[in-house]
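The values are calculated or read from the model by the stated rules, or taken from the named source; none is laboratory data. Just so we're clear, the structure is a prediction, and the values are computed from it rather than from any experiment. Glycine also receives a Cβ, built like all others from the backbone with ideal geometry; neighbour counts cover every protein chain displayed. Quick note on the areas: whole protein, heavy atoms, side chains included, nothing else; ligands and nucleic acids left out. Shrake-Rupley method; radii C 1.70, N 1.55, O 1.52, S 1.80 Å.
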Amino acid sequence: MRTDDIRSSYLEFFRERDHVIERSDKVVPGNDPTLLFSSAGMVQFKSYYTGEMPVPYRRAATAQKCLRAGGKANDLDEVGKTARHMTLFEMMGNFSFGDYFKREAILWAWEYSTQTVKIPAEKIWVSIYEDDDEAAEIWEKEVGFPTDRIVRLGAKDNFWGPAGDTGACGPCSELHLDRGEKFGSTKLGDEDDDRFMEYWNLVFPQFDQQKDGSRPPLKNRGIDTGMGLERMAAILQNKETVFDIDNIFPIIQMTEGLSNVKYTGNPTPFRVIADHVRALSFMIADGVLPGNEGRGYVERRLLRRAARFGREIGLEKPFLYEVTRTVVDLMAYQYPELKEKQVQIEKIVHLEEERFAGTLARGMDLLEEAFGRLDKAGEKTVSGKELFLLHDTYGFPLDLATDIAEDRGYAVDRDEFQAAMNKQRKQARSAWAGSGEKSVAPVYRQVRDEAGGTEFVGYGTTECQAEIKAIIRGGEKTGILKMDEEGEIILDRSPFYAEAGGQAGDTGVLDAVDGDAHVSATKSPLENLRLHYVKVTKGELRAGGKVTAAVDSEARAATECHHTATHLLQAALQDIIGEHVHQAGSMVSPDRLRFDFTHFEAIPSERLQDIERLVNEYIRSNTVVETENMSIDEARKAGAMALFGEKYGDVVRVVKAGDISLELCGGTHVKNTGEIGMLKILSESALSSGVRRMEAVCAGRAVDALQGLETQLSGVARLLNVGADSVLARVEGIMEENKRLNREVTKWKQAAATGGSVDYMSKVQEVKGVKLLAVQVEGQDANGLRMIMDKLRGQIGSGIVVLGSGEEGKVNLCVGVTKDLTSRIKAGDLVKQLAPIVGGGGGGRPDMAMAGGKLVEKLPEAMAKAPEIAGKML
């Protein structure tokens, strides 16, 4: 059976048993801030088990794309080394929410395994939790499974969860395939049990793990199963590893073709590359972009690991972006987002590869030198300090260096490594902790359950009558807010838009008979719960009281102008820059808009003017802006654009501006584009790899911005004593004159420093048989020191020259080593030890290196210590 056929047969099997077939969630969970990634099929259903959300159905089944590359769920180090571990995989799952339990889950798993896909019954073994007599009885008495093939294991193997720090968990029963003695003579449950391939885990969620470690019963006891699609394909296609199946092996073949190296001779690099490229493709398609923390850090680490393994098979130039095409070809049928985002995937991966290529090449060379030194000394432990310097100076990833060392059979001095990298380690640990979002306080769920949700009426009005359903102050419920007190108010209905989708929450007032309050912000920490952050400005407000809720209509109108303008801006960007442009985030407020979008280089000023001009044409067209609620499938068929990385429900709100723009959006908008007045782009800059940020203002704010620029231009023109239209030419002339004068000054400084008044050669000393000159030169910048260095290094013939200059809180250091001595001492190594003395850092080539610092008063000390430091290095 092909992998696609297995997926279809599984979902159809459970559809016939009254399961609702749900779409896969994104690899970034939309409902759990404690997780970096969706690590299991049950993640999107977590709130159903705990009772936090009403259950819309009692049975469901999914094919879920999962990622395990960080935190508790981390298979990264095993990828390529075992037959079964992957970072990105598909988990087939069937779920019960307060409906069927162990009996049905076990019987159906047995039926699907032995009758639908026809795995020989005698090859299946079962494990259960050591105390789960109920599961044992079902297997033995109802299935008729042989007792001698049922293995009881402890919590490490057969107690699942939670998926994060808290949530549903419980005992489980696993199905394993006995692959025969050729894979070993181990017993099921052994540490190294390659003989047995677990392919299905039946989890019986019975408990709700709390932060304090307690496990009260779940409100909705149920079933959560996970069948590894790739493992099942390996079983049914009679493959030894998951990497040899029909929807992964073509990725390996693609890499073989690029490298001209055979997979069979060294399979590990090919497997790692195939796995990591799959993960990268799905991460980028779901909106994750490379970065230095959290999810972005995981993505960057996967790419760099894959690139490093590429070097092992001769692929030193960027190649991963080409391999992503095969992933799209193989999996876009099931996951169309791969095809939709194919351009972004390729360009982001290519850009990251290019940026990392130099770092990787230099780092590998330095590691090889370190390994060579260890081999000569007969040692097998890499200094932790050496790995720290490799990271600190060249940006070589620490985990990658450690991986390489261990793969080559060297140990790492972990104590020394830990001491040198304590700060970086803390940052890395914090990156695995979760998305960085705060968990929702229990009081909000309590209030929503008791008071019910808030009806939002703000699309059609900015004012309505409402009842105060609850008041929260200091994290606790209260019945009253008095004069000058601050709190959060929940109304039964509200015209206030709650902060969401990048749009700022509304501000305004609540007006009651006995008091008034200013609303400073509106947020929605839970679905259907709208919090009005207030400060009482007169009298008091009480729960149960009636109020007039009025939005600041002027601020709302300005926000709507900026929000609709982001839609027009995206349309203009796609028209002028290219269809690969997609929204990657936004912020719209009364004051301005910020629009983040996928693009891979700075936009020239001429193109920015074209974009601005086109948006203003859209505005002047006075096109009607309409909204409509429709199913997600209808919206996609209509061509509506979705926010990059956002998760949507079954029914979505579509905002249409004539033939200009069609987007999924829950925000508020103008009725006609003409209301926006005008748009002025303020800036365009890089945000992260493959993502740019544009800021702009509309309507009255745009007029303010233009008048501000005009005031500045007029002021500069007055200072230069020219007309505004001549400012540019005058400034260019002044700058050219300034450069000429600087060149003249530099020449005079250098002539003074190297003239006959100073006999530098009389200051040369000898250190371990090597001539060394260490002197302080007044009034020189970095370029000046370099030119003086060239002259003095020629005069010394063979030796080391150390120059320093400091003024106005800045120190410049320059170290030169003649070519005949670079095998004994390197300029870059010497300057790196001198720079900390003056509060700075630097580096460079073996024969010439520069550094900067800010402790001018320490410069004489650095010059004095230069001979001592050089002597130790020699």
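Tabulated results
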{"item": "Dipole of the chain, positive direction: furthest Cα of Asn528, Ala451, Val28, with charges on the beta-carbon", "result": "Val28"}
{"item": "Carbon plus sulfur fraction of accessible area for region 100-187, probe 1.4 Å, in percent", "result": "45 percent"}
{"item": "Cα lying deepest toward the dipole's positive end in the chain, options Leu481, Ala571, Phe356, charges on Cβ", "result": "Phe356"}
{"item": "Rounded, prolate or oblate (a/c below 1.5 giving rounded, otherwise prolate when a/b exceeds b/c) for region 524-563 by Cα gyration tensor", "result": "oblate"}
{"item": "Amide proton proximity set for Val151, modelled H, under 5 Å, gap of 5+", "result": "Val126, Ser127, Ile128"}
{"item": "Label-point separation in nm, Gln446 to Leu682, each point 7 Å along Cα→Cβ", "result": "4.1 nm"}
{"item": "Among 484-490, 202-208, 353-359, 811-817, the order from most to least packed when residues are scored by Cβ within 10 Å on average", "result": "811-817, 202-208, 484-490, 353-359"}
{"item": "Length gained when the stretch Arg311-Ser520 is fully extended (0.36 nm per residue, less Cα-Cα span)", "result": "69.7 nm"}
{"item": "Karplus 3J(HN,Hα) series, Hz, for region 548-554 with 6.51 cos²θ - 1.76 cosθ + 1.60 (x for Gly, Pro)", "result": "9, 9, 10, 7, 5, 5, 5"}
{"item": "Separation of the Val745 and Asp5 label points, Cα + 7 Å toward Cβ, nm", "result": "8.0 nm"}
{"item": "Highest-first arrangement of 572-585, 728-741, where packing means the average Cβ count within 10 Å", "result": "572-585, 728-741"}
{"item": "Percent carbon-and-sulfur accessible area, region 560-708, ignoring ligands, DNA and RNA, probe 1.4 Å", "result": "44 percent"}
{"item": "Rounded to the nearest 20 debye, dipole of region 291-403 from Cβ charges on Lys, Arg, Asp, Glu", "result": "80 debye"}
{"item": "The chain: relative contact order in percent, alpha carbon pairs under 8 Å with at least 6 residues between", "result": "7 percent"}
{"item": "Computed magnitude of the charge dipole of the chain (debye, nearest 20; Cβ of K, R +1, Cβ of D, E -1)", "result": "2460 debye"}
{"item": "Furthest towards positive pole of dipole, Val551, Gly501, Gly585, structure part region 466-610, Cβ charges", "result": "Val551"}
{"item": "Protection proxy ranking, peptides 652-659, 591-598, average beta carbon neighbours within 10 Å, highest first", "result": "591-598, 652-659"}
{"item": "Overall form of region 665-782 per C-alpha gyration tensor (a/c, 1.5; a/b vs b/c)", "result": "oblate"}
{"item": "Computed E for Arg325/Lys376 - FRET, C-beta separation, R0 56 angstrom, nearest 0.05", "result": "0.80"}
{"item": "Two-site FRET efficiency, Val651 against Met483, from Cβ-Cβ distance with R₀ of 45 Å, rounded to 0.05", "result": "0.55"}
{"item": "Carbon/sulfur fraction of accessible area - region 776-838, other protein chains in place, 1.4 Å, %", "result": "45 percent"}
{"item": "Filter on Lys768/Lys826; Lys763/Lys858; Lys826/Lys865; Lys26/Lys339; Lys46/Lys219; Lys523/Lys680 - keep pairs with C-alpha separation over 23 Å", "result": "Lys523/Lys680"}
{"item": "Rounded to 5, the percent of DSSP beta bridges in region 507-640 classed as antiparallel", "result": "100 percent"}
{"item": "Residue-span extension gain [Lys219 to Tyr57] - 0.36 nm each, minus C-alpha spacing", "result": "56.8 nm"}
{"item": "Region 137-201: GluC sites (Glu not before Pro) in DSSP loop, at most 16 other beta carbons within 10 Å", "result": "Glu191"}
{"item": "Phi-based couplings in Hz for region 225-242 (Karplus 6.51, -1.76, 1.60; Gly and Pro marked x)", "result": "10, x, 10, x, 4, 5, 5, 5, 5, 4, 5, 6, 9, 6, 9, 6, 9, 5"}
{"item": "Largest-first ordering by accessible area, 1.4 Å probe, given options Ser762, Ser714", "result": "Ser762, Ser714"}
{"item": "Per residue accessible area of the chain, 1.4 Å probe, in Å²", "result": "45 Å²"}
{"item": "Long-range Cα-Cα pairs in region 242-366 (distance over 24 Å), rounded percent", "result": "22 percent"}
{"item": "Cα gyration tensor shape for region 499-540, rounded if a/c is under 1.5, else prolate or oblate", "result": "prolate"}
{"item": "Chain lengthening between Asn622 and Lys182 when straightened (0.36 nm per residue, less Cα-Cα)", "result": "151.0 nm"}
{"item": "Magnitude of the charge dipole, region 696-753, Cβ model with Lys/Arg +1 and Asp/Glu -1, debye to 20", "result": "360 debye"}
{"item": "222 nm mean residue ellipticity, helices alone, for the chain (DSSP H n ≥ 4; -39,500 (n - 2.57); rounded to 500)", "result": "-12000 deg cm²/dmol"}
{"item": "Stokes-Einstein D for region 116-207, Kirkwood Rh over Cα pairs, 10 °C, 1.306 mPa s (µm²/s)", "result": "114 µm²/s"}
{"item": "Pairwise FRET efficiency - Ala638 versus Asn528, Cβ, R0 = 30 Å, nearest 0.05", "result": "0.65"}
{"item": "P(r) of region 502-603 over all Cα-Cα pairs, binned every 5 Å from zero, in whole percent", "result": "3, 11, 17, 16, 14, 11, 9, 7, 5, 3, 3, 1"}
{"item": "Relative contact order %, region 86-179, counting alpha carbon pairs below 8 Å whose residues are six or more apart", "result": "30 percent"}
{"item": "Derived scalar couplings ³J(HN,Hα) [region 168-174; Karplus, 6.51 cos²θ - 1.76 cosθ + 1.60; whole Hz; x for Gly, Pro]", "result": "5, 7, x, x, 9, 10, 10"}
